[in-house]
Amino acid sequence: MKQFKIYYTSDVHGYLLATDYINNGKQPLGLSNVAANYKKDGNTIIIDGGDMYQGSPMIQYLQKNDDIDAVTVAMNLAKYDYVTLGNHDFNFGYDSLQKHLAQLDATVIAENVVDMGGNTIYPAQVKVLENGTKVGLIGLVTDYINVWEKPEHLTGIMIESPLIKAAQTIAKLRQEVDVMIGVYHGGYERDLATGKVVSDTTENIAWQLTKELDLDVLLTGHQHGNVSPRVINDVLTLQMPNQAKMYAEVDGIKINDQWQINAETKPAGVVSQDNIVAALKPLQAQVETWLDQPIAQLDNSIPAQRPLYLAQYGNQILAWIASVQLQASQSDITLVSLNNNPSNLPKDLTLRNILQNYPFDNTLVTKRVSGHDLRLSLEHTAQYFVLKDGQLAVNSEWLVPKVEHYNYDLAFGITYEFDITRPVNQRVTKLQYHDVNIEDKDEFTISMNNYRAVGGGNYKEYAQSKTILAGDQSIQDMLVTFFKTNNHLSNSPKLQLQVKL
């Protein structure tokens, strides 16, 4: 009888053990925990959907200290068969990524990662199972890597549109396989309940892929959404949250020449795979010591506030980040993004606390931006807010399918006002620099993280603005260095934003 089983994860982001490095105690997440659920035999395939080699404090530690290749070690022990690549896997350069992949037992599938001649480097595969079932597998990655990534990190390769070769490749495989599986490091561009288009970029095109590619199953990622299995355009599809909080189990069986394919998404659970834990235990001890190194003694602790509060009023932590960025860049204005982690600090400040409050390994970029483009960008920021029954709330489009508080910027160095009662794109009702109204023709130097500088979060005007300075030092390192010459957080600059209802 022809049948197959697939276990699937995506967007693990280097969370290999049962910890988020913020909360105490073990959490139900991490590759070691999902792997403990796998029951592998000759008819089973284990797949990951990319973004393996970036994200966690363990990965940040390994960028600064030589040790084992933790992700590769863990995935080999979990017996992964295939992986595709995620956009963040290229963050440290393709040469670095190749070193990881050279030690990885799993086969890489990424059809649209090509050499300079357009030849696929990680082609689609056919897996023949013990029972004779032939499973075709094709991997694809979002081509928005070309927008986000530094060109030097893609030396010698190109990221094509996922659609250039996929249909032709699948058509060839269909002649020899029983079932066709797609693994896409990208998400859905439509609301899955209504079909409404929610994104008009090429960052996420999973819905289009289900419509245009001859697949039986499409496994997605990138958006970190918890998308339960469902059929779209006759293709079974699903998506996993990040940090290996969950995994998917897909089962197919052929009865009377018809495939019956069912899937479930399941929690990681609280049991860890012992050999992964044992292999990473010495490294994990070093990471915890590194994270707990004392940085400074603050005058007072700073309590957590909800993102909606911070988006209106900021706090001392966000002002501290702004002061560090202004000092480093000497720019007129600086942008500080919210993040999805709780924003709070204890009096006894450690490195762990800094990385919690600034979890991105971003660098600082200074742009020359016109008053016109600044206004348009702030109008985009103002879309974060909506009114519900007369009360201010976060726009659901910034929460689903992916929580994106990090795409909301606070601008330090200007005085500005959002009137949320006004229509979208007409909400910036006050915009001043040193008490003078900003005109479209005015120009300012604005420092921001490198993600925002390339238009991340759909800030197109920043991407099109001229780059004045792009540094290599991470903002995280700048925040740590601040305490070498300062004993307390800065109380300036002041956020001068008013949100009107």
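The values are calculated or read from the model by the stated rules, or taken from the named source; none is laboratory data. Because the structure is predicted, anything quoted here is derived from the model rather than measured. Here the Cβ is made from the backbone with ideal geometry for all residues, glycine too, and neighbour counts use every protein chain on show.
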Looking at the range 370-391, I want the residues that are assigned by TED's automatic domain parsing to the domain that holds LEU431 and in contact (Cβ under 8 Å) with a residue 24 or more places away in the chain and have a partner that is crowded, with 16+ Cβ neighbours inside 10 Å and assigned to a helix (DSSP H, G or I) with Cβ atoms under 7 Å, at least 6 apart or on another chain. Which pairs are those?
ASP373/GLU461; LEU376/GLU461; SER377/GLU461; SER377/TYR462; TYR384/ALA311; TYR384/TRP398
Specify the residue that is nearest to LEU298 (Cα to Cα); the eligible residues are those in the range 332-352 that are crowded, with 22+ Cβ neighbours inside 10 Å and of a type in the set (S, T, N, Q).
SER343
For the range 32-43, pairs from a residue that is closer than 8 Å to ALA78 by Cα and not assigned by TED's automatic domain parsing to the domain that holds LYS79 to a residue that is at pLDDT below 95 and not in a loop (DSSP other than H, G, I, E, B), with Cβ under 9 Å and 6 or more apart or across chains, are none
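Okay, residues lined up against (1) buried (at least 21 other Cβ atoms within 10 Å of the Cβ); (2) in contact (Cβ under 8 Å) with a residue 12 or more places away in the chain:
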| position | (1), (2) |
| --- | --- |
| THR194 | no, no |
| TRP207 | yes, yes |
| GLU212 | no, yes |
| ASP216 | no, yes |
| GLN223 | yes, yes |
| PRO229 | no, yes |
| GLN243 | yes, yes |
| MET246 | yes, yes |
| ILE253 | no, yes |
Sole exception among (1) surrounded by fewer than 17 Cβ atoms within 10 Å (Cβ to Cβ); (2) assigned by TED's automatic domain parsing to the domain that holds ASN344 for GLY314, by number:
(1)
Selection from the range 196-205 of residues touching a Phe, Trp or Tyr at 6+ places or on another chain (Cβ under 9 Å) and either farther than 18 Å from ASN87 by Cβ or surrounded by fewer than 15 Cβ atoms within 10 Å (Cβ to Cβ) (or both) yields VAL197, VAL198, THR201
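Here are some residues: ARG422, ARG427. Which one is surrounded by 19 or more Cβ atoms within 10 Å (Cβ to Cβ) and over 28 Å from LEU479 (Cβ atoms)? Spell out the reasoning first.
Details: ARG422 fails: surrounded by 19 or more Cβ atoms within 10 Å (Cβ to Cβ).
Answer to the selection: ARG427.
Could you please give the count of residues in the range 4-49 that are in a strand (DSSP E or B), of a type outside the set (Val, Ile, Thr) and within 22 Å of the chain's Cα centre (by Cα)?
At the first step, the residues of the range 4-49 found to be in a strand (DSSP E or B) are 4-9, 44-48.
Those still in the list that are of a type outside the set (Val, Ile, Thr) too: 4-5, 7-8, 48.
After this cut, where a residue has to be within 22 Å of the chain's Cα centre (by Cα) as well, the list is 7-8, 48.
The qualifying residues number 3.
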Note on the range 120-134: residues hydrophobic (A, V, I, L, M, F, W, C), within 21 Å of SER10 (Cβ to Cβ) and in contact with a Gly (Cβ under 9 Å, 6 or more places away or on another chain) are ALA124
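Return yes or no: is LEU283 closer than 23 Å to GLN356 by Cα, among the aliphatic types (A, V, I, L, M), touching a residue at least 12 places away in the same chain (Cβ under 8 Å) and surrounded by fewer than 19 Cβ atoms within 10 Å (Cβ to Cβ)? Working first, answer last.
Working: closer than 23 Å to GLN356 by Cα: yes; among the aliphatic types (A, V, I, L, M): yes; touching a residue at least 12 places away in the same chain (Cβ under 8 Å): yes; surrounded by fewer than 19 Cβ atoms within 10 Å (Cβ to Cβ): no.
So LEU283 does not fit the description; no.
Take ASP95 and decide whether it is closer than 24 Å to MET75 by Cα, of a type in the set (Asp, Glu), surrounded by fewer than 17 Cβ atoms within 10 Å (Cβ to Cβ) and touching a residue at least 40 places away in the same chain (Cβ under 8 Å). Explain how you work it out, then say what you get.
Working: closer than 24 Å to MET75 by Cα: yes; of a type in the set (Asp, Glu): yes; surrounded by fewer than 17 Cβ atoms within 10 Å (Cβ to Cβ): yes; touching a residue at least 40 places away in the same chain (Cβ under 8 Å): yes.
So ASP95 passes the test.
Could you please give the count of residues in the range 406-454 that are without any contact (Cβ under 8 Å) to a residue 12 or more places away in the chain and assigned to a helix (DSSP H, G or I)?
Pass one, the range 406-454, residues without any contact (Cβ under 8 Å) to a residue 12 or more places away in the chain: 422-423, 434, 436-437.
Now narrow it down to the ones that are assigned to a helix (DSSP H, G or I): none.
Of the residues in that region, 0 qualify.
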Could you tell me which residue of the range 90-120 is farthest from the chain's Cα centre (by Cα), considering only residues that are farther than 15 Å from HIS153 by Cβ, of a type outside the set (A, V, I, L, M, F, W, C) and part of a loop (DSSP other than H, G, I, E, B)?
GLY117
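Condition first: over 28 Å from the mean Cα position of the chain (by Cα), touching a residue at least 40 places away in the same chain (Cβ under 8 Å) and not in a helix (DSSP H, G or I). Can you find one or more residues in the range 458-473 that meet it? Walk me through how you get there before you give the answer.
So in the range 458-473, the residues over 28 Å from the mean Cα position of the chain (by Cα) come out as none.
Within the range 458-473, none of the residues are over 28 Å from the mean Cα position of the chain (by Cα), touching a residue at least 40 places away in the same chain (Cβ under 8 Å) and not in a helix (DSSP H, G or I).
Which one is farthest from GLY86 (Cα to Cα), of the residues in the range 206-222 that are assigned to a helix (DSSP H, G or I) and of a type in the set (A, V, I, L, M)? Before you say what the answer is, go through the steps one by one.
Looking only at the range 206-222, we keep the residues that are assigned to a helix (DSSP H, G or I), and these are 206-212.
Then drop every residue that is not of a type in the set (A, V, I, L, M), which leaves 206, 209.
Numbers: ALA206: 14, LEU209: 17 Å.
Filtering first and then ranking leaves LEU209.
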Filter result for the condition that a residue is closer than 20 Å to VAL179 by Cβ, in a loop (DSSP other than H, G, I, E, B) and among the aliphatic types (A, V, I, L, M), over MET52, MET1
MET1
Could you check LYS460 against (1) under 27 Å from LEU355 (Cα atoms); (2) of a type outside the set (A, V, I, L, M, F, W, C); (3) modelled with pLDDT under 95 and say which number it fails?
(1)
